[in-house]
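First comes the structure, then the notes that go with it.
The values are calculated or read from the model by the stated rules, or taken from the named source; none is laboratory data. What you see is a predicted model; the values in this text were computed from it and never measured. FYI the Cβ positions are ideal-geometry reconstructions off the backbone, even for glycines, and counts take in every protein chain you see.
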Amino acid sequence: MAFTGNFMCTSFKVEILTGVHNFTASTGDTFKLALYDNSASFTAATTAYTATNEVANSGSYSAGGGTLVSVTPVASGTTALCDFADLAFTSATITARGALIYNSSAAGNPTVAVLDFGADKTSTTGTFTIQFPTADATNAIVRIA
């Protein structure tokens, strides 16, 4: 098994402090989500988007993945968080084990987070949907406590 859990990449944590990423809705950077098969190998040390072991183009999914719609960051108690709208790839035949969120606006396509689906997820000439968790201090996909 190449995926070993969900995590924010270490480089992202540093880049947040140096102003590389802007999550502000409509005026911020463009973030994308790319899908990968179980042969992909990501760790916390992953620093950039790669096409290696990305799922094949199918339906509305193409290399590089789909563009995420960001929700402007907010605070919940002492936690800052950001969320994305769910993302769907239509008319797609896909088998994916996980995903990589990255910033396609910044030089080198730096990574944000690795998502492990826990098992292969598939669609056959249908809709493959990434459903993000509740945007709160405990569950949001990007949160800084």
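Applying the criterion of at least 1 residues that are surrounded by fewer than 13 Cβ atoms within 10 Å (Cβ to Cβ) to the strands (runs of 3 or more DSSP E) found wholly in the range 31-127 leaves 70-76.
Only one entry in 92, 51, 44 is more than 24 Å from residue 133 (Cα to Cα) and of a type outside the set (Ser, Thr, Tyr), namely 51.
Residues that are of a type in the set (A, V, I, L, M) and over 23 Å from residue 21 (Cβ atoms) within the range 79-135 comprise 88, 92, 94, 96, 119, listed in sequence order.
When you go through 111, 138, 125 one by one, which is the residue that is in contact with a Phe, Trp or Tyr (Cβ under 6 Å, 6 or more places away or on another chain) and of a type in the set (Val, Ile, Thr)? Show your work before the answer.
Details: 138 fails: in contact with a Phe, Trp or Tyr (Cβ under 6 Å, 6 or more places away or on another chain); 125 fails: in contact with a Phe, Trp or Tyr (Cβ under 6 Å, 6 or more places away or on another chain).
The unique qualifying residue is 111.
Residues considered: 14, 20. Of these, the only one that is touching a helix residue (DSSP H, G or I) at 6+ places or on another chain (Cβ under 9 Å), aliphatic (A, V, I, L, M) and farther than 27 Å from residue 120 by Cα is 20. When the test is whether a residue is at pLDDT below 95, under 16 Å from the mean Cα position of the chain (by Cα) and more than 14 Å from residue 98 (Cβ to Cβ), residue 74 does not pass it.
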